[in-house]
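The values are calculated or read from the model by the stated rules, or taken from the named source; none is laboratory data. Predicted model only: the values in this text are computed from it and were never measured. Here the Cβ is made from the backbone with ideal geometry for all residues, glycine too, and neighbour counts use every protein chain on show.
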Amino acid sequence: MRDLDILVLGDLRFPGGTSVAKAEELAASAAAGYRCGLINLRAPVLRYPHPINPRIRALIDNGTVELLDPREPVNAKLACLYHPQAATNYPLCAPRFTADVKLLIVNHPPHDAAGQPFYDWTAANENAQALMGGAVYWAPVGPAVRRQLEGLAEPPPLLDTDWQGVINPEQWAIDRREGPRPSPILGRHSRPDPSKWPDDRETLLQIYPDDPEFVVRILGDGSFLRELAAPYPPNWQVWAFNARSPRDFLAQIDYFVYFHHSRWVEAFGFTILEAMASGAPPILPHHFRPLFGDAATYAKPREVRDVIRTLHDNPALRQERSTAAVDEVHSRFSHAVHQSRIKALIGAPRKSSRPTPRGKRRALFISSNGVGMGHLTRLLAIARRCSPEIEPIFITMSRAAGLVADFGFPVEFIPYHGYLKCSMADWNHHLRRDISERLAFYRPDVVVFDGNVPYSGLLNALRSMPECPTVWCRRAMWTPNSGKDHVVRERAFDVVLEPREIAAAYDQGLTTKYRGRTRQVDPIQLLDPADLLAKEAAREALGFEMGKPAALVQLGSGNNYDLSEIRQLILQACRAIADLQVVWLDSAIADNALDLPEWVQRIKGYPIAKHFNAFDFVISAAGYNSFHELVLNGVPTVFVPNEHPMMDDQLARATYAEVHGLALRLRANERYRVMETVQRISDPAEQELLRERCAGLDADNGAYEAAQLLEELVYTARADLDAPAVVIPALRNTLDR
């Protein structure tokens with residue numbers, strides 16, 4: 001049994017104020033010595049596979065709070081379930097915990113201003129009581145929510161006081177003693193959601209005027225806003241949501257003006273609290289007065305300009321309003337206020353104790369066969385970065401299965417139908433039985449498939465474990481108009497994990513139109529730069545002479561594309577370069593060994609990237625992994641794309657690299673350009689130019705973020721599949737961004 005002071009439950013992925021408030025309260029509680037743990041409930045509201053909110057993720061990563069395994073027992077003094085929508089369904093596997101005090105933090109009202117329900121509060125109350133093991137007090141975050149709850153025919157039990165959001169004032173303090181700028185700068189930041197903006201263009205421009213007397217700054221661009229403003233006035237300056245930090249943005253405005261849609265009921269308004277803490281006087285509609293009192297200035301839309309003019313023409317009055325806002329934050333909305341209410345509920349913190357390790361969980365990685373090593377390599381890259389608490393198991397159709405064992409992971413081999421020379425239908429029938437048997441044996445907590453086509457046998461097997469989250473790791477750059485029957489199979493997965501492409505601007509494939517389940521990460525690489533051997537060590541390992549140039553040629557397995565002519569021409573061109581040491585990389589899955597001249601050194605190492613620093617240049621296929629490994633490590637390269645129709649769009653990838661000065665390109669049919677291209681890449685001056693351009697690329701290794709995604713999926717209680725789900729369209733449209 002894990003002992004905690006505070007257990008927080010909820011969908012930790014919410015992108016807006018719910019998660020921000022949660023993060024602030026956790027930080028305040030931990031600072032007071034309370035030990036806090038989190039249980040992530042995957043609610044049905046967010047269809048897009050959002051990550052855990054960055055502010056909450058930061059608290060987990062720095063050890064302020066613990067992300068718990070929902071299947072392990074917990075005892076807490078206080079359990080807080082955030083947002084009624086997180087209790088829409090009862091989890092498939094309910095968390096095991098006890099708590100002395102149980103609260104449902106009501107971050108959203110039951111209905112909008114027109115009476116349209118946002119959620120079924122009776123179902124939420126029943127599920128919350130069943131989940132938390134007894135009566136649950138509802139804690140509204142502000143007077144607007146309390147008013148609606150009290151107006152229900154049979155309201156749930158309410159906490160006596162509102163559970164208002166808090167903030168650390170010191171982190172938001174901005175010195176405004178120099179006074180306002182010559183022209184008034186008004187602004188706002190909020191999620192890009194239609195409900196957060198006025199109803200029509202006329203009202204919008206009354207509040208955020210198209211007037212050169214004012215400067216309007218907005219952090220929260222959105223397509224709907226561009227249509228509503230149509231077009232943005234010349235005095236508007238607009239940035240995408242989170243393009244800048246909110247604090248930096250608030251430092252660049254004089255007044256915070258926040259008005260929303262007439263049907264929207266703002267439960268609290270955390271962005272207003274941030275503006276108040278920064279000293280930017282808030283100008284708000286009158287319905288916010290019960291919450292913020294005399295700390296804000298209230299106006300109707302048509303009065304906003306005159307209010308700002310009055311404040312701007314009277315520096316003393318403006319400073320008085322700024323000071324009032326800051327003082328209100330300290331007295332009613334600070335971390336100290338939250339710490340006091342926690343102490344009143346559960347007393348002083350327990351004696352500190354070490355965090356208890358979570359139980360081991362299992363990730364099952366499944367890869368298709370592939371013409372190359374890309375599918376298996378991406379999964380290995382992710383598995384290597386998984387938490388020590390997660391055990392990777394591999395099932396692969398690749399003949400390179402032995403390489404997985406070399407990395408220390410258990411692996412099973414299932415032959416592809418082409419190897420067995422059986423029909424696809426028969427193979428899928430047996431694949432379903434094979435995968436089902438392995439699922440029953442291993443009981444994985446997450447399944448990750450990497451392949452171009454999710455086979456029907458695999459999908460049918462996965463249906464037997466609906467509680468297990470599933471991921472399709474799918475690289476982009478599909479050839480135009482290919483894969484129409486395959487891309488729709490993404491609906492069988494919870495998440496589509498897509499490693500980003502450096503050449504994304506040239507991507508014309510179908511995946512660019514299918515983003516509903518996509519979670520993008522930086523390019524996934526098996527090795528980090530620190531894993532590469534230094535030049536001298538790499539050359540010594542390969543047996544090179546130190547004073548002579550060296551080149552690597554890796555054109556792939558050749559199993560589906562005839563590269564014999566271009567290969568011979570490339571080797572001849574290399575032979576013509578004085579003292580060049582040439583290495584040919586034999587593919588681990590090539591059908592046949594190639595006959596090569598005796599002066600060519602052949603190797604069969606994996607991963608070859610470890611030795612990149614040994615080479616002055618490389619001539620390579622343009623598959624996803626090879627392309628990104630070479631370019632991101634700044635290796636001067638000639639890319640020879642495999643243009644077979646079943647492959648990804650290697651031609652577009654290689655063309656992008658050449659156009660942008662990252663590499664050279666040589667197509668298999670360009671026999672007359674071989675000598676010229678090889679001579680060019682062998683020139684040290686050309687190599688230095690390519691290295692400089694590649695050095696300007698900025699990308700982390702996406703394998704770490706992908707591994708973090710798996711951790712989040714493994715340690716999440718699914719509450720998105722239960723039968724009595726009640727998802728009201730109004731709320732879904734609001735939160736699913």
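Computed values, structure above
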quantity: Candidates Ala21, Ala28, Ala99, Ala79 - the one that is outside any loop (DSSP other than H, G, I, E, B), under 22 Å from the mean Cα position of the chain (by Cα) and touching a residue at least 60 places away in the same chain (Cβ under 8 Å); calculated: Ala21
quantity: Of residues in the stretch 509-549 being touching a strand residue (DSSP E or B) at 6+ places or on another chain (Cβ under 8 Å) and within 18 Å of Leu379 (Cα to Cα), the one surrounded by the most Cβ atoms within 10 Å (Cβ to Cβ); calculated: Ile524
quantity: Matching entry among Arg691, Arg671, Arg665 (being of a type in the set (D, E, K, R), under 15 Å from Ala621 (Cα atoms) and assigned by TED's automatic domain parsing to the domain that holds Val631); calculated: Arg665
quantity: Helices (runs of 4 or more DSSP H) enclosed by the stretch 392-444 - at least 2 residues per element that are closer than 23 Å to Thr470 by Cα; calculated: 401-406, 424-442
quantity: Hits in the stretch 22-47 - residues which are farther than 25 Å from Ala94 by Cβ and either at pLDDT below 95 or touching a Pro at 6+ places or on another chain (Cβ under 8 Å) (or both); calculated: Ala32, Gly33
quantity: Qualifying residue in the stretch 286-299 (condition: of a type outside the set (A, V, I, L, M, F, W, C), in a loop (DSSP other than H, G, I, E, B) and at pLDDT 95 or above); calculated: no
quantity: Lone unmet requirement of (1) in a loop (DSSP other than H, G, I, E, B); (2) within 25 Å of Trp599 (Cβ to Cβ); (3) among the hydrophobic types (A, V, I, L, M, F, W, C) for Ala537; calculated: (1)
quantity: Single residue of the stretch 291-341 satisfying the filter (surrounded by 21 or more Cβ atoms within 10 Å (Cβ to Cβ), free of Cβ contacts under 8 Å to residues at least 40 places away in the same chain and among the aliphatic types (A, V, I, L, M)) that is farthest from Ala32 (Cα to Cα); calculated: Ala296
quantity: Single unsatisfied condition, Gly408 versus (1) within 31 Å of the chain's Cα centre (by Cα); (2) surrounded by fewer than 18 Cβ atoms within 10 Å (Cβ to Cβ); (3) farther than 28 Å from Ser587 by Cα; calculated: (3)
quantity: Hey, Ala94 surrounded by 24 or more Cβ atoms within 10 Å (Cβ to Cβ), closer than 17 Å to Asn40 by Cα, of a type in the set (Gly, Ala, Ser) and in the same structural domain as Asn53 (by TED's automatic domain parsing) or not; calculated: no
quantity: Flag for Leu12 being of a type in the set (A, V, I, L, M, F, W, C), assigned to a loop (DSSP other than H, G, I, E, B) and either touching a strand residue (DSSP E or B) at 6+ places or on another chain (Cβ under 7 Å) or free of Cβ contacts under 8 Å to residues at least 24 places away in the same chain (or both); calculated: yes
quantity: Matching residues in the stretch 121-138 - criterion: being buried (at least 20 other Cβ atoms within 10 Å of the Cβ) and more than 25 Å from Pro73 (Cβ to Cβ); calculated: Trp121, Trp138
quantity: Residues satisfying the stated conditions in the stretch 615-632, i.e. under 23 Å from Glu545 (Cα atoms) and part of a loop (DSSP other than H, G, I, E, B); calculated: Phe615, Asp616
quantity: Test: residue in the stretch 165-188 that is in contact with a helix residue (DSSP H, G or I) (Cβ under 9 Å, 6 or more places away or on another chain) and more than 30 Å from Thr323 (Cα to Cα); calculated: no
quantity: Some residue of the stretch 696-705 being part of a helix (DSSP H, G or I), in contact with a strand residue (DSSP E or B) (Cβ under 8 Å, 6 or more places away or on another chain), among the acidic types (Asp, Glu) and touching a residue at least 40 places away in the same chain (Cβ under 8 Å); calculated: yes
quantity: Condition check for Ala94: among the hydrophobic types (A, V, I, L, M, F, W, C) and not in a loop (DSSP other than H, G, I, E, B); calculated: no
quantity: Residue list for the stretch 644-685, filter: hydrophobic (A, V, I, L, M, F, W, C) and either within 32 Å of the chain's Cα centre (by Cα) or not in a helix (DSSP H, G or I) (or both); calculated: Met646, Met647, Leu651, Ala652, Ala654, Ala657, Val659, Leu662, Ala663, Leu664, Leu666, Ala668
quantity: Failed item in (1) modelled with pLDDT of 95 or more; (2) surrounded by 13 or more Cβ atoms within 10 Å (Cβ to Cβ), with Asn369 passing the rest; calculated: (1)
quantity: Listing of helices (runs of 4 or more DSSP H) fully contained in the stretch 302-352 that carry 1 or more residues being at pLDDT below 95 and over 37 Å from the mean Cα position of the chain (by Cα); calculated: 304-313, 315-332
quantity: Some residue of the stretch 516-534 being more than 27 Å from Pro607 (Cα to Cα) and in contact with a Phe, Trp or Tyr (Cβ under 6 Å, 6 or more places away or on another chain); calculated: no
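To keep it simple, each residue is scored yes or no on (1) in the same structural domain as Trp472 (by TED's automatic domain parsing); (2) within 30 Å of Phe493 (Cβ to Cβ); (3) in contact with a Phe, Trp or Tyr (Cβ under 7 Å, 6 or more places away or on another chain).
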{"position": "Lys351", "(1), (2), (3)": "no, no, no"}
{"position": "Phe365", "(1), (2), (3)": "yes, yes, yes"}
{"position": "Asn369", "(1), (2), (3)": "yes, yes, yes"}
{"position": "Gly372", "(1), (2), (3)": "yes, yes, no"}
{"position": "Leu376", "(1), (2), (3)": "yes, yes, no"}
